[in-house]
Amino acid sequence: MLVVAFEAKQVAENFSASSKLSSDLVFACFDESVAEEGKKFFKEVYLIKAGDYDPFVYSEALKELYNEVGAKGILMESSAKGVAVASMLSAKLNIRCVSDVKAIEDNYVKRSALGAAEAKVKLELPAIICVKPGSFEKAEGKESGEVKVVEKSFERKINLLEFKEKEKGADISEAEVVVCAGRGVKKKEDLAMLEELAKLLNGAVGVSRPLSADLKWMPNWVGMSGITVKPKLYIGVGVSGQIQHVAGIRDSKIIVAINNDPKAPIFENADYGIVGDLYEVVPKLIEKLKQS
Ligand SMILES: Cc1cc2nc3c(=O)[nH]c(=O)nc-3n(C[C@H](O)[C@H](O)[C@H](O)COP(=O)(O)OP(=O)(O)OC[C@H]3O[C@@H](n4cnc5c(N)ncnc54)[C@H](O)[C@@H]3O)c2cc1C
């Protein structure tokens with residue numbers, strides 16, 4: 001199996017997922033820091049030097065490597081980069097590709113279908129399997145593999161003119177407590193109240209998609225098309241609980257919802273619900289936590 005990762009933090013998860021399919025694993029990546037991480041998990045690590053990200057070039061390079069190592073399938077993360085490369089690779093190799101994979105069983109994979117449903121897909125190798133970040137346990141790296149550098153050069157279809165790093169924001173995917181603001185929070189300044197609550201609980205603040213994509217209060221959002229979180233405690237504050245949001249929080253251990261509408265769908269997924277005005281409930285919670 002050829003295992004690929006585009007980000008160092010994804011290597012452990014891609015290793016866990018691919019170990020469910022084969023013990024004969026070869027790792028490939030395009031970045032030195034990812035290769036360094038890969039050495040902890042895989043005996044054979046290929047660092048492909050093919051220049052800046054270009055899905056045309058990366059898929060061509062992986063196609064060659066796949067044939068050279070005689071792999072029976074490919075696994076990578078279901079990120080924007082992963083899916084772009086995987087779909088091209090699938091066409092080039094003429095093998096099937098399954099994205100958004102959340103679980104791998106003996107002869108099938110489970111994939112999230114737009115967050116609204118879960119599809120069970122028969123697993124037939126060769127195939128390209130793209131795993132949804134945050135869905136698999138992170139294994140511990142016990143290997144001390146060797147990195148082989150391979151130079152690959154193809155005609156570039158994309159030429160990078162400028163690269164502007166996106167503002168990163170807090171890494172809520174790793175937080176044990178996530179306090180998530182929804183559109184019930186009226187002003188950006190009011191996030192300070194949620195920050196205070198999160199701080200008292202040793203957690204981090206996230207937002208629903210409208211607060212990020214439309215209002216630009218934070219760079220990332222929680223949910224199906226954003227970051228999947230599975231903290232010990234998730235508190236949704238003024239979040240209605242639409243299916244696309246819930247798809248990204250449903251593996252949280254405990255879900256608490258604060259909403260002034262008793263019919264808000266989030267209550268169907270919550271372990272604890274508080275029906276009330278967040279501007280009254282949150283300050284009271286903060287006060288109680290400060291007392292305890
Ligand atoms: C393809 C696609 C992908 C999407 N992906 C995502 C995703 O990944 N993540 C995501 O979040 N959304 C996603 N969405 C958007 C999603 O459908 C919802 O529109 C969004 O989640 C709603 O955000 P919200 O709950 O903050 O706002 P709303 O739905 O407007 O809910 C606000 C809630 O706040 C409550 N409220 C208002 N005032 C108060 C108050 N004073 N006190 C307490 N409660 C109050 C209201 O009762 C309401 O329930 C996606 C949509 C599409 C089409």
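The values are calculated or read from the model by the stated rules, or taken from the named source; none is laboratory data. Here the structure is a predicted model, which is why all the values come from computation and not from measurement. Don't worry about glycine lacking a Cβ; one is built from the backbone with ideal geometry, like all the others, and counts go over all protein chains shown. Heavy atoms of the whole protein, side chains included, go into the accessibility calculation; ligands, DNA and RNA do not. Shrake-Rupley method; radii C 1.70, N 1.55, O 1.52, S 1.80 Å.
Worth pointing out:
- Out of Ala127, Ala119, one residue alone is farther than 30 Å from Val239 by Cβ and in contact with a Lys or Arg (Cβ under 6 Å, 6 or more places away or on another chain). It is Ala127.
- Any hit, the stretch 82-97, residues being in contact with a Pro (Cβ under 9 Å, 6 or more places away or on another chain), part of a loop (DSSP other than H, G, I, E, B) and within 14 Å of Ile128 (Cβ to Cβ): yes
- Scanning the stretch 253-279 for residues that are among the charged types (D, E, K, R) and in a helix (DSSP H, G or I) yields a single hit, Glu268.
- For the stretch 1-50, filtering for residues that are out of contact with any Asp or Glu (no Cβ under 7 Å at 6 or more places or on another chain), outside any strand (DSSP E or B) and open to solvent by less than 50 Å² (accessible area, probe 1.4 Å) leaves 13.
- So Val239, is it in a loop (DSSP other than H, G, I, E, B), buried (at least 22 other Cβ atoms within 10 Å of the Cβ) and over 17 Å from the mean Cα position of the chain (by Cα): yes
- Within the stretch 103-130, the set of residues being assigned to a strand (DSSP E or B) and either modelled with pLDDT of 95 or more or surrounded by 19 or more Cβ atoms within 10 Å (Cβ to Cβ) (or both) comprises Ile104, Val109, Arg111, Ser112, Ala127, Ile128, Ile129, Cys130.
- Scanning the stretch 90-99 finds no residues that are on the phi < 0 side of the Ramachandran plot and in contact (Cβ under 8 Å) with a residue 40 or more places away in the chain.
- First in the stretch 232-261 and over 20 Å from Arg111 (Cβ atoms) and assigned by TED's automatic domain parsing to the domain that holds Glu176, second anywhere and within 6 Å of the ligand (Cβ to nearest atom) and part of a helix (DSSP H, G or I), Cβ under 6 Å, 6 or more apart: Val237/Leu278; Gly238/Leu278; Ile258/Leu278
- Residues of the stretch 274-292 that turn out to be within 11 Å of the ligand (Cβ to nearest atom) and surrounded by 14 or more Cβ atoms within 10 Å (Cβ to Cβ), as a count: 7
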